[in-house]
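Here is the structure we will look at, set down as structure tokens.
The values are calculated or read from the model by the stated rules, or taken from the named source; none is laboratory data. None of the values given here were measured: they were computed from a predicted structure. As a convention, Cβ positions derive from the backbone with ideal geometry for all residues, glycine included, and neighbour counts pool all protein chains shown. The protein model used for the area step is the full one, side chains on, heavy atoms only, and it has no ligands, DNA or RNA in it. Shrake-Rupley method; radii C 1.70, N 1.55, O 1.52, S 1.80 Å.
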Amino acid sequence: MTSAYDFTATRIDGTEVALDCFRGQALLIVNTASRCGFTNQYAGLEVLHEDFADKPFEVLGFPCNQFGAQEPGKASEIAEFCTTTFGVKFPMFDKIEVNGPHRHPLYAWLSEEKRGIFGSRDIKWNFTKFLIDRNGQVVGRYAPDVMPEAIRPDIEKLIA
């Protein structure tokens, strides 16, 4: 695989989607959790989604239960929580693993393309963010404590 657009993923409603449908758009790909200290970042991610709605940009959320079992619910429960609590309208996908032998292929590629601190491939916690340029290449990796708003200048450069 040579770009983020080469992968497929299952939406939170169970439909399979080729990420090629986002070709030409910059992407912010985030592993999320509903019971995490960073869960309030859903609000900031939704602000980015809304602010750039008419631009070639999209936020993609991938729930994950690998960190402190902070995303234990079923897809329908996660979708309802995100919608009712944070008004999330950006695309959400089915729960995946981001580390280990069952790591989703997209995350295997992302973490190889942009390693974390000290060269680690592993995702360290919920709300790690990957910024993808309009050619599908990883241009940034942001720690969980980096608020979505702090990424805005990097997004603006990609969609200018």
Next item on the list: Answer with one residue from 9, 109, 86: the one whose Cα lies farthest towards the positive end of the charge dipole of the chain, charges on Cβ with Lys, Arg +1 and Asp, Glu -1.
Entry: 109
Note to self: Just to check I understand the Karplus step: with θ = phi - 60° and J = 6.51 cos²θ - 1.76 cosθ + 1.60, what whole-Hz values come out for region 23-38, glycine and proline as x?
What the structure shows: 3, x, 9, 6, 10, 10, 9, 9, 8, 10, 7, 8, 10, 10, x, 9
Check: In deg cm²/dmol, rounded to 500, what helix-only [θ] at 222 nm does the chain give when every DSSP H run of at least 4 residues adds -39500 (n - 2.57) and the total is split over its residues?
Finding: -8500 deg cm²/dmol
Next item on the list: Please list, in chain and number order, the residues 5+ apart from residue 140 or on another chain whose amide H is under 5 Å from its amide H, with Hs placed from the backbone.
Entry: 131
Next item on the list: Would you kindly derive the ³J(HN,Hα) couplings of region 54-66 from the backbone phi angles with the Karplus curve 6.51 cos²θ - 1.76 cosθ + 1.60 (θ = phi - 60°), listing them in order in whole Hz, with x for Gly and Pro?
Entry: 9, 10, x, 8, 8, 9, 10, x, 10, x, 8, 10, 7
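How large is the dipole of the chain about the Cα centre if only Lys and Arg carry +1 and Asp and Glu carry -1, each at its Cβ, rounded to the nearest 20 debye?
Taking the Cα centre of the chain as origin, the dipole is about 380 debye.
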Item checked: Amide proton proximity set for residue 26, modelled H, under 5 Å, gap of 5+ -> 57, 58
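Of the heavy-atom accessible surface of the chain (probe 1.4 angstrom), what whole percent is carbon and sulfur?
On the way: 3830 of 7370 Å².
Here carbon and sulfur together make up 52 percent of the probe-accessible area.
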Next item on the list: Enumerate the amide H contacts of residue 32 below 5 Å, restricted to partners 5 or more residues apart or on another chain; note that Pro and chain-start residues carry no placed amide H.
Entry: 62, 64, 127
Next item on the list: Just list whichever of 129/157; 95/157; 55/89; 89/129 have alpha carbons separated by over 24 Å in the model shown.
Entry: 95/157
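State in Å² the accessible area per residue of the chain; use a 1.4 Å probe, count heavy atoms of protein chains only, and round to the nearest integer.
Per-residue value: 46 Å².
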